[in-house]
1. Looking at Ser70, Ser52, Ser86 in this structure, which one is under 21 Å from Gln29 (Cα atoms) and within 16 Å of ligand 2 (Cβ to nearest atom)?
2. I want to confirm something. Restricting to the range 1-54 and keeping residues that are charged (D, E, K, R) and touching a residue at least 12 places away in the same chain (Cβ under 8 Å), which single residue is nearest to ligand 1 (Cβ to nearest atom)?
3. Kindly indicate whether any position in the range 104-111 is within 16 Å of ligand 1 (Cβ to nearest atom) and touching a residue at least 24 places away in the same chain (Cβ under 8 Å).
4. Kindly establish whether Phe58 is buried (at least 17 other Cβ atoms within 10 Å of the Cβ), more than 27 Å from Ala168 (Cα to Cα) and in contact with a helix residue (DSSP H, G or I) (Cβ under 7 Å, 6 or more places away or on another chain).
5. What number of residues in the range 106-115 are buried (at least 19 other Cβ atoms within 10 Å of the Cβ) and not aliphatic (A, V, I, L, M)?
6. Could you check, for the range 68-83, whether at least one of its residues is within 13 Å of ligand 1 (Cβ to nearest atom) and open to solvent by less than 40 Å² (accessible area, probe 1.4 Å)?
7. What's the number of the condition Thr166 fails, among (1) of a type in the set (Val, Ile, Thr); (2) out of contact with any strand residue (DSSP E or B) (no Cβ under 6 Å at 6 or more places or on another chain); (3) open to solvent by 10 Å² or more (accessible area, probe 1.4 Å)?
8. Return yes or no: is Lys5 more than 16 Å from ligand 2 (Cβ to nearest atom), open to solvent by 70 Å² or more (accessible area, probe 1.4 Å) and touching a strand residue (DSSP E or B) at 6+ places or on another chain (Cβ under 6 Å)?
Amino acid sequence: MISIKNLKKIFQVSNEIIEIFKNLNLEIQSWEFVALIWPSGSGKSTFLNLLSGIDRNFEGVLEIEGKDISKLSEDQMTEFRGKNISYIFQNFKLVENLTVWENIDLIVELNKLERNFSTDEILKVVGLSSKKDVYAFHLSGGESQRVAIARAFVGKTSLLLADEPTGALDQKNKKIIMELILELHKKIKNTIVMITHDDEVAKLAEKIYKVGDGDIKEIK
Ligand SMILES: Nc1ncnc2c1ncn2[C@@H]1O[C@H](COP(=O)(O)OP(=O)(O)OP(=O)(O)O)[C@@H](O)[C@H]1O
Ligand SMILES: [Mg+2]
């Protein structure tokens, strides 16, 4: 379960204080697929950086799987993140000079995760078996995002954070990617927190919240 209480985030740039959000409250149950609809440019990536403990400069309470992440040391946070959290980034973030196969295998090996799939199995699921030896920099946007999805689902983690997973894709690829995420979620039953500005994309999730003007409303 994720428990967010009175979460507030500001950035200070020279003398100016920028308030990104204040007083966010939300509970997400384990194994739920939740979408947050959040306007562009207003704090989506910032929020996910807090949820993943990459940025721990916040006020309020943030608990993941019963752990208050502000209480962990840097090393404990890194370990916790590696074992528990997968990420689909806004702009794929593949390692360009590694192959498709290597990109998918890298994190699961690095963090010594148990596997949901072998690398070859997940390649088949995302339809990229024939591209496994291609370098990431040769891939199209849709292919890159399928690699990013394979990488996020291959290892056993309880929580998947997805930042605008379809933001860089055209209509056709958007649908393919969303259906893939949903199919894999049903198969392995992880918790997914997906942030998007796109109502169409959010519809596939089991629960939808709309974020705006400092509060969160449940709309499905
Ligand atoms: N490290 C930082 N220092 C200062 N301001 C920042 C920092 N990171 C983000 N911001 C500001 O916070 C606001 C929200 O940024 P963020 O990247 O979270 O938005 P987003 O919703 O993910 O945007 P997009 O839709 O473009 O992906 C922006 O105005 C940005 O300039
Ligand atoms: Mg962003």
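1. Ser52
2. So the first thing to find is which residues in the range 1-54 are charged (D, E, K, R), and the list is 5, 8-9, 16, 19, 22, 27, 32, 44.
When the remaining residues are screened for being touching a residue at least 12 places away in the same chain (Cβ under 8 Å), the result is 5, 8-9, 22, 27, 32, 44.
Details: Lys5: 20, Lys8: 14, Lys9: 9, Lys22: 13, Glu27: 22, Glu32: 22, Lys44: 3 Å.
Applying the filter and picking the extreme gives Lys44.
3. Looking through the range 104-111, none of the residues is within 16 Å of ligand 1 (Cβ to nearest atom) and touching a residue at least 24 places away in the same chain (Cβ under 8 Å).
4. Values: buried (at least 17 other Cβ atoms within 10 Å of the Cβ): yes; more than 27 Å from Ala168 (Cα to Cα): yes; in contact with a helix residue (DSSP H, G or I) (Cβ under 7 Å, 6 or more places away or on another chain): yes.
So Phe58 passes the test.
5. Qualifying residue count, the range 106-115: 0.
6. Of all residues in the range 68-83, those within 13 Å of ligand 1 (Cβ to nearest atom) come to none.
No, that holds for no residue.
7. Status for Thr166: all satisfied but (3).
8. Taking the combined requirement at face value, the residue satisfies it.
The values are calculated or read from the model by the stated rules, or taken from the named source; none is laboratory data. Note that this is a predicted model, so its numbers are computed, not measured. All Cβ positions, glycine included, derive from the backbone under ideal geometry; neighbour counts span all protein chains shown. Quick note on the areas: whole protein, heavy atoms, side chains included, nothing else; ligands and nucleic acids left out. Shrake-Rupley method; radii C 1.70, N 1.55, O 1.52, S 1.80 Å.
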